[in-house]
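What follows is a single structure, written as C-alpha coordinates, with notes after it.
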(Lines give C-alpha, C1' and ligand atoms only; values in the text may rest on other atoms or scores of the structure.)
Protein backbone atom coordinates (compact mmCIF):
# COMPACT_ATOMS: atom_id res chain seq x y z
CA UNK A 1 0.00 0.00 0.00
CA UNK A 2 1.31 3.47 -0.90
CA UNK A 3 2.15 5.62 2.10
CA UNK A 4 2.94 9.23 1.30
CA UNK A 5 5.79 10.61 3.36
CA UNK A 6 5.31 13.99 5.03
CA UNK A 7 7.71 16.78 4.12
CA UNK A 8 9.22 18.04 7.37
CA UNK A 9 10.85 21.46 7.62
CA UNK A 10 13.24 22.68 10.29
CA UNK A 11 11.99 26.28 10.14
CA UNK A 12 8.79 27.90 11.37
CA UNK A 13 7.10 31.22 10.58
CA UNK A 14 6.76 33.39 13.68
CA UNK A 15 3.38 34.58 14.95
CA UNK A 16 2.36 38.22 14.80
CA UNK A 17 -0.75 39.53 16.55
CA UNK A 18 -2.71 42.55 15.33
CA UNK A 19 -5.56 44.23 17.18
CA UNK A 20 -6.79 43.83 20.73
CA UNK A 21 -9.57 41.97 22.53
CA UNK A 22 -11.66 39.12 21.16
CA UNK A 23 -11.28 40.22 17.51
CA UNK A 24 -7.47 40.32 17.58
CA UNK A 25 -5.92 38.20 14.83
CA UNK A 26 -2.71 36.20 14.58
CA UNK A 27 -0.75 35.72 11.38
CA UNK A 28 1.80 32.99 10.73
CA UNK A 29 2.78 30.12 13.00
CA UNK A 30 3.09 27.51 10.25
CA UNK A 31 5.95 25.07 9.72
CA UNK A 32 4.72 23.75 6.36
CA UNK A 33 3.88 25.28 2.99
CA UNK A 34 0.51 27.04 2.67
CA UNK A 35 -2.48 24.72 3.23
CA UNK A 36 -0.21 21.61 3.43
CA UNK A 37 -2.07 20.26 6.46
CA UNK A 38 -1.06 16.72 5.42
CA UNK A 39 2.59 17.64 6.13
CA UNK A 40 2.27 19.34 9.52
CA UNK A 41 1.01 22.41 11.38
CA UNK A 42 -0.50 25.01 9.02
CA UNK A 43 -0.50 27.65 11.78
CA UNK A 44 -3.12 30.38 11.87
CA UNK A 45 -5.81 30.56 9.20
CA UNK A 46 -5.04 33.02 6.40
CA UNK A 47 -6.81 36.34 6.99
CA UNK A 48 -8.88 38.50 4.63
CA UNK A 49 -9.10 42.27 5.08
CA UNK A 50 -11.11 45.02 3.37
CA UNK A 51 -9.75 48.31 2.08
CA UNK A 52 -11.39 51.63 2.88
CA UNK A 53 -10.13 55.17 2.27
CA UNK A 54 -10.13 58.30 4.44
CA UNK A 55 -11.58 60.33 1.52
CA UNK A 56 -14.16 59.76 -1.19
CA UNK A 57 -12.60 57.13 -3.51
CA UNK A 58 -12.74 59.03 -6.82
CA UNK A 59 -10.64 56.45 -8.67
CA UNK A 60 -12.79 53.46 -7.66
CA UNK A 61 -15.18 52.03 -10.24
CA UNK A 62 -18.81 53.22 -10.15
CA UNK A 63 -20.13 49.85 -8.89
CA UNK A 64 -17.94 50.10 -5.77
CA UNK A 65 -18.80 53.77 -5.21
CA UNK A 66 -22.49 52.85 -5.46
CA UNK A 67 -21.99 50.07 -2.92
CA UNK A 68 -20.52 52.47 -0.37
CA UNK A 69 -22.32 55.68 -1.42
CA UNK A 70 -23.92 56.28 1.99
CA UNK A 71 -20.69 55.96 3.98
CA UNK A 72 -17.65 56.61 1.76
CA UNK A 73 -17.43 60.31 2.64
CA UNK A 74 -16.89 59.40 6.30
CA UNK A 75 -14.15 56.88 7.15
CA UNK A 76 -15.63 56.18 10.60
CA UNK A 77 -19.05 55.36 9.17
CA UNK A 78 -17.39 53.35 6.38
CA UNK A 79 -15.34 51.28 8.82
CA UNK A 80 -18.40 50.55 10.99
CA UNK A 81 -20.46 49.62 7.93
CA UNK A 82 -17.80 47.20 6.67
CA UNK A 83 -17.34 45.67 10.13
CA UNK A 84 -21.07 45.07 10.63
CA UNK A 85 -22.05 44.03 7.12
CA UNK A 86 -19.06 42.02 5.85
CA UNK A 87 -17.14 41.02 9.01
CA UNK A 88 -13.62 41.04 7.51
CA UNK A 89 -10.75 39.74 9.63
CA UNK A 90 -9.23 43.22 9.55
CA UNK A 91 -9.85 46.64 7.97
CA UNK A 92 -7.19 48.43 5.93
CA UNK A 93 -7.56 52.20 6.27
CA UNK A 94 -5.66 53.86 3.42
CA UNK A 95 -4.74 57.46 4.22
CA UNK A 96 -5.11 58.73 0.66
CA UNK A 97 -5.78 62.29 1.80
CA UNK A 98 -2.15 62.65 2.94
CA UNK A 99 -0.81 62.23 -0.61
CA UNK A 100 1.36 65.27 -1.49
CA UNK A 101 0.07 65.00 -5.06
CA UNK A 102 -3.51 65.08 -3.84
CA UNK A 103 -5.11 66.87 -0.88
CA UNK A 104 -1.80 66.80 1.03
CA UNK A 105 -3.52 66.78 4.42
CA UNK A 106 -1.23 67.09 7.40
CA UNK A 107 0.02 64.10 9.35
CA UNK A 108 -1.86 65.48 12.38
CA UNK A 109 -5.19 65.56 10.53
CA UNK A 110 -4.74 62.02 9.25
CA UNK A 111 -3.69 60.79 12.69
CA UNK A 112 -6.92 62.20 14.14
CA UNK A 113 -8.90 60.29 11.47
CA UNK A 114 -7.01 57.07 12.21
CA UNK A 115 -7.69 57.48 15.92
CA UNK A 116 -11.41 58.03 15.32
CA UNK A 117 -11.63 54.89 13.17
CA UNK A 118 -9.61 52.81 15.65
CA UNK A 119 -11.95 53.86 18.47
CA UNK A 120 -15.11 53.20 16.43
CA UNK A 121 -14.47 49.55 15.53
CA UNK A 122 -13.29 46.40 17.27
CA UNK A 123 -11.89 44.84 14.08
CA UNK A 124 -8.07 45.02 13.89
CA UNK A 125 -6.69 47.85 11.77
CA UNK A 126 -4.02 47.93 9.10
CA UNK A 127 -3.15 51.55 8.26
CA UNK A 128 -1.61 52.19 4.85
CA UNK A 129 0.24 55.33 3.82
CA UNK A 130 0.58 57.20 0.54
CA UNK A 131 3.64 55.55 -1.01
CA UNK A 132 5.49 58.88 -0.70
CA UNK A 133 8.31 57.81 1.59
CA UNK A 134 9.05 61.20 3.13
CA UNK A 135 5.41 61.93 3.84
CA UNK A 136 4.78 58.43 5.17
CA UNK A 137 7.62 58.80 7.69
CA UNK A 138 5.95 61.91 9.16
CA UNK A 139 2.51 60.33 8.81
CA UNK A 140 3.25 57.08 10.63
CA UNK A 141 5.06 58.92 13.42
CA UNK A 142 1.87 60.84 14.25
CA UNK A 143 -0.49 57.93 13.52
CA UNK A 144 1.44 55.54 15.77
CA UNK A 145 1.05 57.98 18.66
CA UNK A 146 -2.64 58.65 17.96
CA UNK A 147 -3.66 54.97 17.90
CA UNK A 148 -1.55 54.02 20.92
CA UNK A 149 -3.03 50.93 22.58
CA UNK A 150 -4.83 49.63 19.47
CA UNK A 151 -1.96 47.41 18.23
CA UNK A 152 -2.31 48.32 14.56
CA UNK A 153 -0.16 47.26 11.59
CA UNK A 154 1.48 50.25 9.90
CA UNK A 155 1.87 49.54 6.18
CA UNK A 156 4.61 50.08 5.32
CA UNK A 157 8.24 50.81 6.13
CA UNK A 158 10.68 50.98 3.21
CA UNK A 159 14.43 51.46 3.02
CA UNK A 160 14.04 55.25 2.81
CA UNK A 161 12.00 55.64 6.01
CA UNK A 162 12.19 52.42 8.04
CA UNK A 163 14.16 54.00 10.90
CA UNK A 164 11.42 56.53 11.61
CA UNK A 165 8.50 54.16 11.01
CA UNK A 166 9.99 51.30 13.03
CA UNK A 167 11.13 53.55 15.87
CA UNK A 168 7.73 55.19 16.24
CA UNK A 169 5.53 52.25 15.34
CA UNK A 170 7.16 49.21 16.88
CA UNK A 171 9.48 50.62 19.53
CA UNK A 172 7.77 53.71 20.94
CA UNK A 173 4.13 52.59 20.67
CA UNK A 174 4.34 48.80 20.40
CA UNK A 175 2.47 48.49 17.09
CA UNK A 176 3.38 46.14 14.26
CA UNK A 177 5.12 47.38 11.14
CA UNK A 178 5.04 46.24 7.53
CA UNK A 179 8.47 45.81 5.93
CA UNK A 180 7.99 46.53 2.24
CA UNK A 181 10.20 45.38 -0.61
CA UNK A 182 9.85 45.04 -4.38
CA UNK A 183 9.27 41.39 -5.32
CA UNK A 184 12.79 40.13 -4.64
CA UNK A 185 13.87 37.63 -1.97
CA UNK A 186 17.15 39.46 -1.33
CA UNK A 187 15.42 42.82 -0.90
CA UNK A 188 12.87 41.26 1.49
CA UNK A 189 15.70 39.72 3.51
CA UNK A 190 17.63 43.00 3.55
CA UNK A 191 14.61 44.99 4.81
CA UNK A 192 14.02 42.49 7.61
CA UNK A 193 17.68 42.60 8.65
CA UNK A 194 17.66 46.43 8.70
CA UNK A 195 14.54 46.49 10.88
CA UNK A 196 15.93 43.75 13.15
CA UNK A 197 19.13 45.77 13.60
CA UNK A 198 17.07 48.61 15.08
CA UNK A 199 15.96 46.20 17.79
CA UNK A 200 12.57 45.26 16.33
CA UNK A 201 11.93 41.51 16.71
CA UNK A 202 10.28 39.33 14.04
CA UNK A 203 7.10 39.11 16.13
CA UNK A 204 6.52 42.81 15.41
CA UNK A 205 7.09 42.62 11.64
CA UNK A 206 4.82 41.63 8.75
CA UNK A 207 6.39 41.52 5.29
CA UNK A 208 4.85 43.10 2.21
CA UNK A 209 7.01 41.63 -0.55
CA UNK A 210 5.01 43.40 -3.25
CA UNK A 211 2.22 42.36 -5.59
CA UNK A 212 1.01 42.57 -9.18
CA UNK A 213 -2.35 41.84 -10.76
CA UNK A 214 -2.69 38.39 -12.31
CA UNK A 215 -1.10 38.49 -15.77
CA UNK A 216 1.07 41.53 -15.01
CA UNK A 217 4.42 40.10 -13.98
CA UNK A 218 2.42 38.04 -11.52
CA UNK A 219 4.45 34.86 -11.98
CA UNK A 220 7.41 36.76 -10.54
CA UNK A 221 5.37 37.55 -7.41
CA UNK A 222 4.41 33.88 -7.04
CA UNK A 223 7.96 32.59 -7.55
CA UNK A 224 9.30 35.15 -5.03
CA UNK A 225 6.75 34.03 -2.45
CA UNK A 226 7.72 30.41 -3.08
CA UNK A 227 11.42 31.15 -2.71
CA UNK A 228 10.92 33.12 0.50
CA UNK A 229 8.84 30.36 2.09
CA UNK A 230 11.23 27.59 1.04
CA UNK A 231 14.20 29.54 2.44
CA UNK A 232 12.35 30.30 5.69
CA UNK A 233 11.15 26.74 6.24
CA UNK A 234 13.66 24.54 4.42
CA UNK A 235 16.84 26.51 5.14
CA UNK A 236 15.66 27.75 8.55
CA UNK A 237 16.46 31.34 7.50
CA UNK A 238 15.39 33.35 10.56
CA UNK A 239 15.41 36.63 8.63
CA UNK A 240 12.58 35.36 6.41
CA UNK A 241 10.46 33.59 9.04
CA UNK A 242 7.94 36.43 9.05
CA UNK A 243 4.24 36.44 8.05
CA UNK A 244 3.41 38.06 4.71
CA UNK A 245 0.55 40.42 3.86
CA UNK A 246 -0.36 41.18 0.24
CA UNK A 247 -2.34 44.34 -0.64
CA UNK A 248 -4.07 42.73 -3.63
CA UNK A 249 -6.64 45.50 -4.13
CA UNK A 250 -3.96 48.17 -4.63
CA UNK A 251 -2.93 46.45 -7.90
CA UNK A 252 -5.93 44.41 -9.03
CA UNK A 253 -8.19 47.48 -9.46
CA UNK A 254 -5.67 49.49 -11.49
CA UNK A 255 -5.31 47.29 -14.57
CA UNK A 256 -7.32 47.78 -17.77
CA UNK A 257 -9.35 44.59 -17.33
CA UNK A 258 -10.77 46.05 -14.10
CA UNK A 259 -11.24 49.68 -15.10
CA UNK A 260 -12.17 49.58 -18.80
CA UNK A 261 -15.77 50.77 -19.16
CA UNK A 262 -18.30 48.37 -20.66
CA UNK A 263 -19.32 50.94 -23.29
CA UNK A 264 -15.70 51.11 -24.48
CA UNK A 265 -15.17 47.34 -24.62
CA UNK A 266 -18.59 45.65 -24.60
CA UNK A 267 -17.03 42.33 -25.67
CA UNK A 268 -15.29 42.15 -22.26
CA UNK A 269 -18.58 41.98 -20.37
CA UNK A 270 -19.47 43.40 -16.95
CA UNK A 271 -16.82 45.73 -15.52
CA UNK A 272 -17.64 44.86 -11.92
CA UNK A 273 -17.41 41.11 -12.57
CA UNK A 274 -14.09 41.60 -14.35
CA UNK A 275 -12.66 43.44 -11.37
CA UNK A 276 -13.87 40.81 -8.93
CA UNK A 277 -12.37 38.10 -11.15
CA UNK A 278 -9.01 39.88 -11.24
CA UNK A 279 -9.03 40.39 -7.47
CA UNK A 280 -9.98 36.76 -6.73
CA UNK A 281 -7.45 35.32 -9.20
CA UNK A 282 -4.66 37.45 -7.73
CA UNK A 283 -5.58 36.74 -4.10
CA UNK A 284 -5.94 32.97 -4.50
CA UNK A 285 -2.52 32.70 -6.14
CA UNK A 286 -0.61 34.65 -3.49
CA UNK A 287 -2.36 32.77 -0.67
CA UNK A 288 -1.39 29.32 -1.92
CA UNK A 289 2.16 30.56 -2.52
CA UNK A 290 2.77 31.79 1.01
CA UNK A 291 0.88 34.99 1.84
CA UNK A 292 -0.76 34.94 5.29
CA UNK A 293 -3.18 37.80 4.65
CA UNK A 294 -4.69 39.67 1.70
CA UNK A 295 -6.30 43.09 1.39
CA UNK A 296 -9.34 43.18 -0.91
CA UNK A 297 -11.85 45.81 -2.00
CA UNK A 298 -15.04 44.15 -3.23
CA UNK A 299 -17.34 42.31 -0.77
CA UNK A 300 -17.86 39.52 -3.31
CA UNK A 301 -14.10 39.00 -3.50
CA UNK A 302 -13.93 38.81 0.30
CA UNK A 303 -16.75 36.27 0.42
CA UNK A 304 -15.17 34.14 -2.34
CA UNK A 305 -11.66 34.15 -0.86
CA UNK A 306 -12.93 33.37 2.65
CA UNK A 307 -14.76 30.35 1.21
CA UNK A 308 -11.63 29.39 -0.76
CA UNK A 309 -9.51 29.42 2.41
CA UNK A 310 -12.05 27.47 4.46
CA UNK A 311 -12.47 24.76 1.85
CA UNK A 312 -8.72 24.29 1.43
CA UNK A 313 -8.36 23.90 5.18
CA UNK A 314 -11.42 21.63 5.58
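Filtered by the rule that a residue be surrounded by fewer than 24 Cβ atoms within 10 Å (Cβ to Cβ) and touching a helix residue (DSSP H, G or I) at 6+ places or on another chain (Cβ under 7 Å), the stretch 126-144 gives 130, 135, 137, 138, 141, 142. Among the residues making up the stretch 97-110, those that are part of a helix (DSSP H, G or I) and surrounded by fewer than 23 Cβ atoms within 10 Å (Cβ to Cβ) are 97, 107, 108, 109.
Can you name every residue in the stretch 225-240 that is in contact with a helix residue (DSSP H, G or I) (Cβ under 6 Å, 6 or more places away or on another chain) and surrounded by fewer than 23 Cβ atoms within 10 Å (Cβ to Cβ)?
The first filter runs over the stretch 225-240 and keeps only residues in contact with a helix residue (DSSP H, G or I) (Cβ under 6 Å, 6 or more places away or on another chain), leaving 225-228, 231-232, 237, 239-240.
Matches in the stretch 225-240: 226, 227, 231, 237, 239.
The set of residues in the stretch 61-79 that are in contact with a helix residue (DSSP H, G or I) (Cβ under 9 Å, 6 or more places away or on another chain) and more than 17 Å from residue 275 (Cβ to Cβ) comprises 70, 71, 75, 76, 77, 78, 79.
Test residue 63 against the criterion of being part of a helix (DSSP H, G or I) and either more than 22 Å from residue 177 (Cα to Cα) or more than 21 Å from the chain's Cα centre (by Cα) (or both), and give yes or no. Yes, satisfied. In the stretch 39-49, the condition of being more than 20 Å from residue 225 (Cβ to Cβ) and either touching a residue at least 12 places away in the same chain (Cβ under 8 Å) or in contact with a helix residue (DSSP H, G or I) (Cβ under 8 Å, 6 or more places away or on another chain) (or both) is met by no residue.
Answer yes or no as to whether residue 113 is surrounded by 19 or more Cβ atoms within 10 Å (Cβ to Cβ), assigned to a helix (DSSP H, G or I) and modelled with pLDDT of 95 or more.
Details: surrounded by 19 or more Cβ atoms within 10 Å (Cβ to Cβ): yes; assigned to a helix (DSSP H, G or I): yes; modelled with pLDDT of 95 or more: yes.
Against the criterion (surrounded by 19 or more Cβ atoms within 10 Å (Cβ to Cβ), assigned to a helix (DSSP H, G or I) and modelled with pLDDT of 95 or more), residue 113 qualifies.
The residues in the stretch 153-185 that are in a loop (DSSP other than H, G, I, E, B) and within 17 Å of the chain's Cα centre (by Cα) can be counted, and the count is 5.
With the structure loaded, tell me whether residue 115 is over 24 Å from residue 276 (Cα atoms) and in contact (Cβ under 8 Å) with a residue 12 or more places away in the chain or whether it fails that test. Answer is yes for this residue.
Considering only residues that are assigned to a helix (DSSP H, G or I) and under 16 Å from the mean Cα position of the chain (by Cα), look in the stretch 204-221 and name the one that is surrounded by the fewest Cβ atoms within 10 Å (Cβ to Cβ). Give the steps one after another, and end with the answer.
Taking the stretch 204-221 as the starting set, the residues that turn out to be assigned to a helix (DSSP H, G or I) are 204, 218-221.
Those still in the list that are under 16 Å from the mean Cα position of the chain (by Cα) too: 204, 221.
On the way: 204: 22, 221: 24.
It comes out as 204.
Listed residues 40, 131; which is modelled with pLDDT under 95 and within 30 Å of residue 10 (Cβ to Cβ)? Don't jump to the end; show me each part of the working.
Numbers: 131 fails: within 30 Å of residue 10 (Cβ to Cβ).
Residue meeting the stated conditions: 40.
When residues in the stretch 66-95 are screened for being more than 18 Å from the chain's Cα centre (by Cα), surrounded by fewer than 18 Cβ atoms within 10 Å (Cβ to Cβ) and assigned to a loop (DSSP other than H, G, I, E, B), 5 of them pass. Note on the stretch 250-314: enclosed helices (runs of 4 or more DSSP H) holding 3 or more residues that are out of contact with any helix residue (DSSP H, G or I) (no Cβ under 7 Å at 6 or more places or on another chain) are 271-289, 299-313.
The values are calculated or read from the model by the stated rules, or taken from the named source; none is laboratory data. Given the structure is predicted, the values throughout are model-derived calculations rather than measurements. Glycine also receives a Cβ, built like all others from the backbone with ideal geometry; neighbour counts cover every protein chain displayed.
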